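Heads up: the structure comes next, in C-alpha coordinates.
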Amino acid sequence: MKSLRQLYKIGIGPSSSHTMGPVKATERFLSQYDGYDSYVVTLYGSLAMTGKGHGTDVAIERAFGDRKVEVRFDTTSHSFSHPNTMEFAAYKKGHDPVKMVILSIGGGDIRVEGEGFSEGAEIYEHNTFEQIKTYCEQNGLRLWQYAAMREGNGIESFLQEIWHTMQDCVNEGLKCEGVLPGGLNVQRRAKKLLTEREDEARQTRKDRIVSAYAFAAGEQNAAGGKVVTAPTCGASGVLPAVFMYAKEQQGFTDEEILHALLTAGIVGNVVKTNASISGAECGCQAEIGTACAMAAAGLAELYGYTLSEIEYSAEVALEHQLGLTCDPVNGLVQIPCIERNAVGAMRAINAVSLATFLADSRKVSFDTVVKAMYETGKDISESYRETSIGGLAKVFPTKRG
(Lines give C-alpha, C1' and ligand atoms only; values in the text may rest on other atoms or scores of the structure.)
Protein backbone atom coordinates (compact mmCIF):
# COMPACT_ATOMS: atom_id res chain seq x y z
CA MET A 1 0.00 0.00 0.00
CA LYS A 2 1.03 3.58 -0.55
CA SER A 3 1.59 6.28 2.06
CA LEU A 4 -1.29 7.97 3.82
CA ARG A 5 0.04 11.12 2.19
CA GLN A 6 -1.58 9.77 -0.98
CA LEU A 7 -4.90 9.31 0.82
CA TYR A 8 -5.20 12.54 2.80
CA LYS A 9 -4.77 15.46 0.41
CA ILE A 10 -5.48 19.15 0.92
CA GLY A 11 -7.18 20.69 -2.06
CA ILE A 12 -10.03 22.77 -3.40
CA GLY A 13 -13.51 21.30 -3.76
CA PRO A 14 -15.95 20.25 -4.94
CA SER A 15 -14.53 16.98 -6.30
CA SER A 16 -11.23 15.17 -5.92
CA SER A 17 -11.77 13.12 -9.09
CA HIS A 18 -13.40 15.90 -11.13
CA THR A 19 -11.30 18.90 -10.15
CA MET A 20 -8.17 17.87 -8.24
CA GLY A 21 -7.44 14.91 -10.53
CA PRO A 22 -7.91 16.82 -13.81
CA VAL A 23 -5.72 19.67 -12.56
CA LYS A 24 -2.99 17.21 -11.65
CA ALA A 25 -3.43 15.51 -15.03
CA THR A 26 -3.04 18.86 -16.79
CA GLU A 27 0.17 19.55 -14.91
CA ARG A 28 1.43 16.07 -15.77
CA PHE A 29 0.73 16.58 -19.49
CA LEU A 30 2.27 20.05 -19.59
CA SER A 31 5.40 18.78 -17.89
CA GLN A 32 6.10 16.97 -21.18
CA TYR A 33 4.29 19.01 -23.79
CA ASP A 34 4.44 22.66 -22.88
CA GLY A 35 5.06 25.30 -25.53
CA TYR A 36 2.61 24.00 -28.16
CA ASP A 37 0.28 26.28 -30.17
CA SER A 38 -2.98 24.90 -28.82
CA TYR A 39 -4.47 22.10 -26.74
CA VAL A 40 -7.65 20.04 -26.67
CA VAL A 41 -8.82 18.08 -23.63
CA THR A 42 -11.62 15.58 -24.22
CA LEU A 43 -13.54 14.29 -21.22
CA TYR A 44 -15.28 10.90 -21.21
CA GLY A 45 -17.61 8.98 -18.93
CA SER A 46 -18.49 10.54 -15.60
CA LEU A 47 -16.14 13.47 -16.29
CA ALA A 48 -18.16 14.28 -19.42
CA MET A 49 -21.58 13.69 -17.83
CA THR A 50 -21.04 15.70 -14.65
CA GLY A 51 -17.99 17.78 -15.50
CA LYS A 52 -20.01 20.98 -15.93
CA GLY A 53 -21.60 20.69 -12.52
CA HIS A 54 -18.28 19.84 -10.90
CA GLY A 55 -16.44 22.65 -12.68
CA THR A 56 -14.01 20.28 -14.41
CA ASP A 57 -13.65 22.48 -17.48
CA VAL A 58 -13.00 25.57 -15.39
CA ALA A 59 -10.38 23.73 -13.31
CA ILE A 60 -8.57 22.51 -16.43
CA GLU A 61 -8.67 25.91 -18.11
CA ARG A 62 -7.18 27.53 -15.03
CA ALA A 63 -4.46 24.89 -14.91
CA PHE A 64 -3.54 25.68 -18.53
CA GLY A 65 -3.20 29.36 -17.65
CA ASP A 66 -2.73 31.62 -20.67
CA ARG A 67 -2.31 28.71 -23.08
CA LYS A 68 -4.97 28.18 -25.77
CA VAL A 69 -7.11 25.23 -24.71
CA GLU A 70 -10.50 23.78 -25.58
CA VAL A 71 -12.27 21.39 -23.24
CA ARG A 72 -14.71 18.99 -24.93
CA PHE A 73 -17.38 16.83 -23.29
CA ASP A 74 -17.89 13.51 -25.09
CA THR A 75 -21.05 12.01 -23.59
CA THR A 76 -21.63 9.40 -26.30
CA SER A 77 -18.40 7.39 -26.52
CA HIS A 78 -18.04 4.27 -24.39
CA SER A 79 -14.67 2.90 -25.49
CA PHE A 80 -12.66 4.12 -22.50
CA SER A 81 -10.94 2.10 -19.80
CA HIS A 82 -12.08 4.06 -16.74
CA PRO A 83 -15.21 6.12 -15.94
CA ASN A 84 -13.00 9.19 -15.40
CA THR A 85 -10.95 9.31 -18.60
CA MET A 86 -9.29 12.36 -20.17
CA GLU A 87 -7.50 12.59 -23.50
CA PHE A 88 -5.00 15.43 -23.78
CA ALA A 89 -3.82 16.56 -27.22
CA ALA A 90 -1.20 19.21 -28.10
CA TYR A 91 -0.95 20.82 -31.54
CA LYS A 92 1.88 22.68 -33.22
CA LYS A 93 2.07 23.84 -36.83
CA GLY A 94 4.18 21.50 -38.94
CA HIS A 95 4.11 18.69 -36.37
CA ASP A 96 1.85 15.73 -35.69
CA PRO A 97 -0.34 16.17 -32.61
CA VAL A 98 0.82 14.44 -29.43
CA LYS A 99 -1.70 12.78 -27.18
CA MET A 100 -1.88 11.31 -23.70
CA VAL A 101 -4.74 9.50 -21.96
CA ILE A 102 -4.93 10.09 -18.23
CA LEU A 103 -7.34 8.51 -15.75
CA SER A 104 -8.63 10.26 -12.63
CA ILE A 105 -8.92 7.21 -10.39
CA GLY A 106 -10.36 8.81 -7.25
CA GLY A 107 -9.19 10.83 -4.29
CA GLY A 108 -7.26 13.19 -6.56
CA ASP A 109 -4.97 10.43 -7.84
CA ILE A 110 -4.23 9.95 -11.53
CA ARG A 111 -2.80 7.23 -13.75
CA VAL A 112 -1.31 7.66 -17.22
CA GLU A 113 -2.65 4.98 -19.52
CA GLY A 114 0.00 2.84 -21.16
CA GLU A 115 2.88 4.18 -19.09
CA GLY A 116 2.37 2.41 -15.81
CA PHE A 117 2.71 5.80 -14.11
CA SER A 118 1.44 5.69 -10.56
CA GLU A 119 1.79 8.30 -7.86
CA GLY A 120 3.73 7.51 -4.72
CA ALA A 121 5.82 4.58 -3.61
CA GLU A 122 4.60 1.39 -1.96
CA ILE A 123 5.65 1.68 1.68
CA TYR A 124 3.41 -0.96 3.29
CA GLU A 125 4.27 -4.62 2.82
CA HIS A 126 0.74 -5.63 3.82
CA ASN A 127 -2.34 -4.95 1.68
CA THR A 128 -5.30 -6.44 3.52
CA PHE A 129 -6.73 -5.73 6.94
CA GLU A 130 -6.23 -9.34 7.98
CA GLN A 131 -2.52 -9.19 7.14
CA ILE A 132 -2.14 -5.94 9.05
CA LYS A 133 -4.12 -7.16 12.06
CA THR A 134 -2.07 -10.37 12.26
CA TYR A 135 1.19 -8.41 12.14
CA CYS A 136 -0.02 -6.01 14.85
CA GLU A 137 -1.14 -8.85 17.11
CA GLN A 138 2.20 -10.66 16.69
CA ASN A 139 4.17 -7.52 17.49
CA GLY A 140 1.96 -5.94 20.15
CA LEU A 141 1.11 -2.89 18.07
CA ARG A 142 -1.99 -0.76 17.76
CA LEU A 143 -3.00 0.19 14.23
CA TRP A 144 -1.83 3.77 14.64
CA GLN A 145 1.58 2.58 15.83
CA TYR A 146 1.86 0.27 12.83
CA ALA A 147 1.02 3.16 10.47
CA ALA A 148 3.41 5.57 12.18
CA MET A 149 6.23 3.04 11.95
CA ARG A 150 5.66 2.49 8.23
CA GLU A 151 5.20 6.19 7.42
CA GLY A 152 8.42 7.24 9.14
CA ASN A 153 9.70 10.73 9.91
CA GLY A 154 7.47 13.68 9.16
CA ILE A 155 4.13 11.90 9.40
CA GLU A 156 3.19 13.70 12.63
CA SER A 157 3.72 17.18 11.15
CA PHE A 158 1.86 16.08 8.01
CA LEU A 159 -1.12 14.90 10.04
CA GLN A 160 -1.07 18.07 12.14
CA GLU A 161 -1.57 20.05 8.94
CA ILE A 162 -4.33 17.68 7.83
CA TRP A 163 -6.13 17.96 11.18
CA HIS A 164 -5.68 21.73 11.27
CA THR A 165 -7.17 22.03 7.78
CA MET A 166 -10.13 19.83 8.71
CA GLN A 167 -10.90 21.98 11.74
CA ASP A 168 -10.53 25.20 9.78
CA CYS A 169 -12.90 23.87 7.15
CA VAL A 170 -15.59 23.05 9.71
CA ASN A 171 -15.16 26.25 11.71
CA GLU A 172 -15.35 28.39 8.58
CA GLY A 173 -18.38 26.50 7.34
CA LEU A 174 -20.20 27.03 10.64
CA LYS A 175 -19.91 30.79 10.18
CA CYS A 176 -21.19 30.99 6.61
CA GLU A 177 -24.73 31.60 5.44
CA GLY A 178 -26.38 32.15 2.08
CA VAL A 179 -26.86 30.09 -1.08
CA LEU A 180 -24.34 27.66 -2.53
CA PRO A 181 -23.24 28.26 -6.13
CA GLY A 182 -24.47 26.10 -9.00
CA GLY A 183 -28.08 27.04 -9.60
CA LEU A 184 -29.91 24.66 -7.25
CA ASN A 185 -30.40 27.46 -4.68
CA VAL A 186 -29.27 25.19 -1.84
CA GLN A 187 -29.11 27.13 1.40
CA ARG A 188 -26.20 26.66 3.78
CA ARG A 189 -27.60 25.00 6.90
CA ALA A 190 -24.61 24.21 9.11
CA LYS A 191 -24.96 27.34 11.21
CA LYS A 192 -28.67 26.67 11.72
CA LEU A 193 -27.91 23.18 12.96
CA LEU A 194 -25.85 24.67 15.79
CA THR A 195 -28.96 26.30 17.24
CA GLU A 196 -30.02 24.46 20.38
CA ARG A 197 -33.68 23.58 20.83
CA GLU A 198 -35.68 23.76 24.05
CA ASP A 199 -35.94 20.52 26.03
CA GLU A 200 -33.55 18.85 23.61
CA ALA A 201 -32.74 15.23 24.37
CA ARG A 202 -29.10 14.30 24.83
CA GLN A 203 -29.07 12.03 21.75
CA THR A 204 -30.77 14.71 19.66
CA ARG A 205 -28.15 17.24 20.69
CA LYS A 206 -25.36 14.82 19.78
CA ASP A 207 -26.84 14.11 16.34
CA ARG A 208 -27.42 17.81 15.70
CA ILE A 209 -23.87 18.85 16.54
CA VAL A 210 -22.26 16.00 14.57
CA SER A 211 -24.49 16.88 11.63
CA ALA A 212 -23.61 20.57 11.91
CA TYR A 213 -19.92 19.74 11.64
CA ALA A 214 -20.54 17.46 8.64
CA PHE A 215 -22.74 20.02 6.91
CA ALA A 216 -20.13 22.73 7.49
CA ALA A 217 -17.41 20.75 5.73
CA GLY A 218 -19.75 19.55 3.00
CA GLU A 219 -20.94 23.06 2.27
CA GLN A 220 -17.41 24.39 2.17
CA ASN A 221 -16.54 21.70 -0.34
CA ALA A 222 -19.58 22.50 -2.47
CA ALA A 223 -18.55 26.16 -2.47
CA GLY A 224 -15.05 25.36 -3.69
CA GLY A 225 -13.39 25.79 -0.31
CA LYS A 226 -10.25 24.11 1.02
CA VAL A 227 -10.93 20.57 2.21
CA VAL A 228 -9.12 17.32 2.95
CA THR A 229 -9.82 14.23 0.87
CA ALA A 230 -10.89 11.65 3.43
CA PRO A 231 -10.93 9.71 1.23
CA THR A 232 -12.48 12.11 -1.34
CA CYS A 233 -13.73 15.69 -1.51
CA GLY A 234 -17.34 14.52 -1.79
CA ALA A 235 -16.97 12.58 1.48
CA SER A 236 -14.75 15.15 3.20
CA GLY A 237 -17.24 15.95 5.97
CA VAL A 238 -17.48 12.57 7.68
CA LEU A 239 -14.10 12.31 9.44
CA PRO A 240 -13.96 15.98 10.54
CA ALA A 241 -17.48 15.72 11.98
CA VAL A 242 -16.76 12.61 14.04
CA PHE A 243 -13.32 13.70 15.19
CA MET A 244 -14.33 17.28 16.01
CA TYR A 245 -17.20 15.97 18.10
CA ALA A 246 -14.74 13.68 19.86
CA LYS A 247 -12.48 16.64 20.60
CA GLU A 248 -14.98 19.40 21.37
CA GLN A 249 -17.65 17.38 23.14
CA GLN A 250 -15.76 14.38 24.55
CA GLY A 251 -12.43 15.94 25.42
CA PHE A 252 -10.00 13.96 23.28
CA THR A 253 -6.69 15.72 22.62
CA ASP A 254 -5.21 16.72 19.27
CA GLU A 255 -2.49 14.11 19.74
CA GLU A 256 -5.11 11.41 20.21
CA ILE A 257 -6.92 12.63 17.10
CA LEU A 258 -3.69 12.21 15.11
CA HIS A 259 -3.62 8.57 16.24
CA ALA A 260 -7.22 8.21 15.07
CA LEU A 261 -6.30 9.67 11.68
CA LEU A 262 -3.56 7.06 11.32
CA THR A 263 -5.96 4.22 12.12
CA ALA A 264 -8.64 5.67 9.85
CA GLY A 265 -6.04 6.02 7.13
CA ILE A 266 -5.14 2.32 7.29
CA VAL A 267 -8.80 1.42 6.74
CA GLY A 268 -9.11 3.89 3.86
CA ASN A 269 -5.91 2.58 2.31
CA VAL A 270 -7.16 -1.01 2.44
CA VAL A 271 -10.29 0.01 0.52
CA LYS A 272 -8.32 2.12 -1.95
CA THR A 273 -5.84 -0.71 -2.59
CA ASN A 274 -8.28 -3.60 -2.90
CA ALA A 275 -11.38 -1.88 -4.27
CA SER A 276 -12.03 1.77 -5.13
CA ILE A 277 -12.80 5.13 -3.53
CA SER A 278 -14.22 6.55 -6.76
CA GLY A 279 -17.94 7.29 -7.00
CA ALA A 280 -17.68 7.10 -10.78
CA GLU A 281 -16.31 3.58 -10.51
CA CYS A 282 -18.30 2.09 -7.61
CA GLY A 283 -21.00 4.56 -6.56
CA CYS A 284 -21.23 6.53 -3.36
CA GLN A 285 -20.58 3.41 -1.29
CA ALA A 286 -16.95 3.87 -2.34
CA GLU A 287 -16.87 7.44 -1.04
CA ILE A 288 -19.28 7.93 1.87
CA GLY A 289 -19.10 4.21 2.67
CA THR A 290 -15.31 4.29 2.93
CA ALA A 291 -15.35 7.55 4.88
CA CYS A 292 -17.86 6.05 7.31
CA ALA A 293 -15.64 3.00 7.85
CA MET A 294 -12.58 5.20 8.33
CA ALA A 295 -14.37 7.39 10.89
CA ALA A 296 -15.69 4.35 12.77
CA ALA A 297 -12.22 2.81 12.97
CA GLY A 298 -10.71 6.10 14.10
CA LEU A 299 -13.33 6.61 16.79
CA ALA A 300 -12.87 3.04 18.01
CA GLU A 301 -9.15 3.80 18.26
CA LEU A 302 -9.91 6.84 20.40
CA TYR A 303 -11.99 4.65 22.70
CA GLY A 304 -9.10 2.21 23.07
CA TYR A 305 -10.94 -0.69 21.48
CA THR A 306 -9.24 -3.94 20.53
CA LEU A 307 -8.17 -4.70 16.96
CA SER A 308 -11.20 -6.95 16.53
CA GLU A 309 -13.54 -4.23 17.79
CA ILE A 310 -11.93 -1.68 15.48
CA GLU A 311 -12.33 -4.05 12.55
CA TYR A 312 -15.95 -4.75 13.44
CA SER A 313 -16.67 -1.01 13.68
CA ALA A 314 -15.27 -0.45 10.20
CA GLU A 315 -16.98 -3.53 8.79
CA VAL A 316 -20.44 -2.57 10.06
CA ALA A 317 -19.97 0.98 8.82
CA LEU A 318 -19.12 -0.12 5.28
CA GLU A 319 -21.36 -3.18 5.05
CA HIS A 320 -24.50 -1.15 5.52
CA GLN A 321 -23.57 1.30 2.80
CA LEU A 322 -23.36 -1.44 0.16
CA GLY A 323 -25.23 -0.48 -3.00
CA LEU A 324 -25.30 3.23 -2.19
CA THR A 325 -25.58 5.02 -5.52
CA CYS A 326 -23.90 8.22 -6.68
CA ASP A 327 -26.58 10.34 -8.33
CA PRO A 328 -25.74 14.03 -7.73
CA VAL A 329 -28.43 16.39 -8.93
CA ASN A 330 -27.15 18.55 -11.82
CA GLY A 331 -23.72 17.04 -11.29
CA LEU A 332 -23.24 19.23 -8.22
CA VAL A 333 -21.79 17.92 -4.97
CA GLN A 334 -24.80 19.21 -3.03
CA ILE A 335 -27.95 17.07 -3.29
CA PRO A 336 -27.81 14.46 -1.77
CA CYS A 337 -24.06 14.65 -1.05
CA ILE A 338 -24.01 17.12 1.83
CA GLU A 339 -26.68 15.31 3.82
CA ARG A 340 -24.94 12.00 3.16
CA ASN A 341 -21.87 13.28 4.97
CA ALA A 342 -23.99 13.91 8.06
CA VAL A 343 -25.72 10.54 7.85
CA GLY A 344 -22.35 8.84 7.31
CA ALA A 345 -20.89 10.53 10.39
CA MET A 346 -23.79 9.47 12.59
CA ARG A 347 -23.69 5.94 11.20
CA ALA A 348 -19.97 5.70 12.00
CA ILE A 349 -20.68 6.55 15.64
CA ASN A 350 -23.50 3.99 15.78
CA ALA A 351 -21.25 1.30 14.27
CA VAL A 352 -18.73 1.85 17.05
CA SER A 353 -21.45 1.57 19.68
CA LEU A 354 -22.58 -1.75 18.20
CA ALA A 355 -19.02 -3.11 18.19
CA THR A 356 -18.81 -3.02 21.96
CA PHE A 357 -21.55 -5.64 22.19
CA LEU A 358 -21.10 -7.85 19.15
CA ALA A 359 -17.45 -7.88 18.03
CA ASP A 360 -16.81 -11.27 19.62
CA SER A 361 -19.62 -12.90 17.62
CA ARG A 362 -19.10 -11.34 14.20
CA LYS A 363 -19.02 -13.53 11.10
CA VAL A 364 -17.88 -11.12 8.38
CA SER A 365 -14.37 -9.69 8.03
CA PHE A 366 -13.62 -6.19 6.83
CA ASP A 367 -11.73 -7.56 3.83
CA THR A 368 -14.83 -9.52 2.82
CA VAL A 369 -16.96 -6.39 2.86
CA VAL A 370 -14.36 -4.50 0.83
CA LYS A 371 -14.49 -7.23 -1.81
CA ALA A 372 -18.29 -7.18 -1.79
CA MET A 373 -18.31 -3.40 -2.14
CA TYR A 374 -16.08 -3.53 -5.20
CA GLU A 375 -18.12 -6.24 -6.89
CA THR A 376 -21.34 -4.41 -6.03
CA GLY A 377 -19.93 -1.22 -7.49
CA LYS A 378 -19.06 -2.94 -10.74
CA ASP A 379 -22.62 -4.31 -10.94
CA ILE A 380 -24.28 -0.94 -10.34
CA SER A 381 -25.65 0.56 -13.53
CA GLU A 382 -23.66 3.41 -15.07
CA SER A 383 -26.72 5.59 -14.41
CA TYR A 384 -25.94 5.42 -10.69
CA ARG A 385 -22.19 5.97 -10.84
CA GLU A 386 -21.72 9.75 -10.90
CA THR A 387 -23.26 10.31 -14.32
CA SER A 388 -26.38 12.14 -13.08
CA ILE A 389 -28.63 10.28 -15.49
CA GLY A 390 -30.40 8.06 -12.96
CA GLY A 391 -31.91 8.01 -9.52
CA LEU A 392 -32.42 11.27 -7.69
CA ALA A 393 -30.57 13.20 -10.39
CA LYS A 394 -33.10 11.96 -12.95
CA VAL A 395 -36.35 12.52 -11.07
CA PHE A 396 -35.41 15.76 -9.28
CA PRO A 397 -37.51 18.57 -10.85
CA THR A 398 -34.76 20.69 -12.38
CA LYS A 399 -32.91 21.02 -15.66
CA ARG A 400 -29.41 19.65 -16.04
CA GLY A 401 -26.63 22.25 -15.87
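Out of the helices (runs of 4 or more DSSP H) lying entirely within the range 20-68, which hold 3 or more residues that are of a type outside the set (A, V, I, L, M) and surrounded by fewer than 23 Cβ atoms within 10 Å (Cβ to Cβ)?
21-33, 56-64
Mind checking which residues of the range 72-92 are free of Cβ contacts under 8 Å to residues at least 60 places away in the same chain, more than 15 Å from TYR33 (Cβ to Cβ) and open to solvent by 20 Å² or more (accessible area, probe 1.4 Å)?
ARG72, PHE73, ASP74, THR75, THR76, SER77, HIS78, SER79, PHE80, SER81
Could you list, ordered by first residue, the pairs with Cβ atoms under 6 Å in which the first is in the range 344-364 and charged (D, E, K, R) and modelled with pLDDT of 95 or more and the second is part of a helix (DSSP H, G or I) and open to solvent by less than 20 Å² (accessible area, probe 1.4 Å), at least 6 apart or interchain?
ARG347/CYS292
Test of understanding: among GLY120, GLY114, which residue is touching a residue at least 12 places away in the same chain (Cβ under 8 Å), open to solvent by less than 60 Å² (accessible area, probe 1.4 Å) and not charged (D, E, K, R)?
Going through GLY120, GLY114 in turn, the sole match is GLY120.
Would a scan of the range 125-146 turn up a residue that is touching a strand residue (DSSP E or B) at 6+ places or on another chain (Cβ under 7 Å), in contact (Cβ under 8 Å) with a residue 24 or more places away in the chain and either open to solvent by 30 Å² or more (accessible area, probe 1.4 Å) or within 30 Å of PRO328 (Cα to Cα) (or both)?
For the range 125-146, residues touching a strand residue (DSSP E or B) at 6+ places or on another chain (Cβ under 7 Å), in contact (Cβ under 8 Å) with a residue 24 or more places away in the chain and either open to solvent by 30 Å² or more (accessible area, probe 1.4 Å) or within 30 Å of PRO328 (Cα to Cα) (or both): absent.
Filter the range 248-262 down to the residues that are without any contact (Cβ under 8 Å) to a residue 40 or more places away in the chain and part of a helix (DSSP H, G or I), then identify the one that is surrounded by the fewest Cβ atoms within 10 Å (Cβ to Cβ).
GLU255
Tell me which residues, restricted to the range 183-196, are closer than 21 Å to MET244 by Cα, outside any helix (DSSP H, G or I) and not aliphatic (A, V, I, L, M). Talk me through it step by step, then tell me what you get.
As a first pass, look at the range 183-196 and keep what is closer than 21 Å to MET244 by Cα: 188-196.
Now narrow it down to the ones that are outside any helix (DSSP H, G or I): 188-189, 194-196.
Residues satisfying the conditions are ARG188, ARG189, THR195, GLU196.
Which one is most open to solvent (accessible area, probe 1.4 Å), of the residues in the range 360-384 that are in contact with an Asp or Glu (Cβ under 7 Å, 6 or more places away or on another chain) and assigned to a helix (DSSP H, G or I)?
By that ranking, first place goes to TYR384.
Quick check on my filter: what residues within the range 165-182 are over 30 Å from ASP254 (Cβ atoms) and open to solvent by 60 Å² or more (accessible area, probe 1.4 Å)?
Matches in the range 165-182: VAL179, PRO181.
Need the failing condition index for GLY265 against (1) more than 19 Å from VAL210 (Cβ to Cβ); (2) surrounded by fewer than 24 Cβ atoms within 10 Å (Cβ to Cβ), just the number.
(2)
For the range 268-292, name all the residues that are open to solvent by less than 10 Å² (accessible area, probe 1.4 Å), of a type in the set (A, V, I, L, M) and within 14 Å of ALA372 (Cα to Cα). Show your work before the answer.
Filtering the range 268-292 for residues open to solvent by less than 10 Å² (accessible area, probe 1.4 Å) gives 268-271, 276-280, 282-283, 285-286, 288-292.
Those left that are additionally of a type in the set (A, V, I, L, M): 270-271, 277, 280, 286, 288, 291.
Listed by number, the residues that qualify are VAL270, VAL271, ILE277, ALA286.
Answer with yes or no whether ILE389 is open to solvent by 10 Å² or more (accessible area, probe 1.4 Å), of a type outside the set (Ser, Thr, Tyr), out of contact with any His (no Cβ under 9 Å at 6 or more places or on another chain) and in a loop (DSSP other than H, G, I, E, B).
In short, yes.
For residues that are in contact with a Lys or Arg (Cβ under 7 Å, 6 or more places away or on another chain) and at pLDDT 95 or above, scanning just the range 74-101, find the one that is farthest from ILE389 (Cα to Cα). Give the steps one after another, and end with the answer.
Taking the range 74-101 first, the residues in contact with a Lys or Arg (Cβ under 7 Å, 6 or more places away or on another chain) are 83, 87-89.
Going one step further and asking which of them are at pLDDT 95 or above, we end up with 87-89.
Values: GLU87: 23, PHE88: 26, ALA89: 28 Å.
It comes out as ALA89.
Is it the case that ARG347 is charged (D, E, K, R) and within 20 Å of GLY268 (Cβ to Cβ)?
In short, yes.
Among the residues in the range 221-231, are any in a helix (DSSP H, G or I), modelled with pLDDT of 95 or more and either surrounded by fewer than 24 Cβ atoms within 10 Å (Cβ to Cβ) or in contact with a Pro (Cβ under 6 Å, 6 or more places away or on another chain) (or both)?
Residues of the range 221-231 that are in a helix (DSSP H, G or I), as a first pass: 221-222.
Imposing the further condition that a residue be modelled with pLDDT of 95 or more reduces the set to 221-222.
Filter once more, so that each one left must be either surrounded by fewer than 24 Cβ atoms within 10 Å (Cβ to Cβ) or in contact with a Pro (Cβ under 6 Å, 6 or more places away or on another chain) (or both): 221-222.
Yes, the range 221-231 has at least one match.
The values are calculated or read from the model by the stated rules, or taken from the named source; none is laboratory data. What you see is a predicted model, and the numbers here were worked out from it, not measured in a lab. Backbone-built Cβ (ideal geometry, glycine too); neighbour counts: all protein chains shown. The area values use the complete protein model at the heavy-atom level, side chains included, leaving out ligands, DNA and RNA. Shrake-Rupley method; radii C 1.70, N 1.55, O 1.52, S 1.80 Å.
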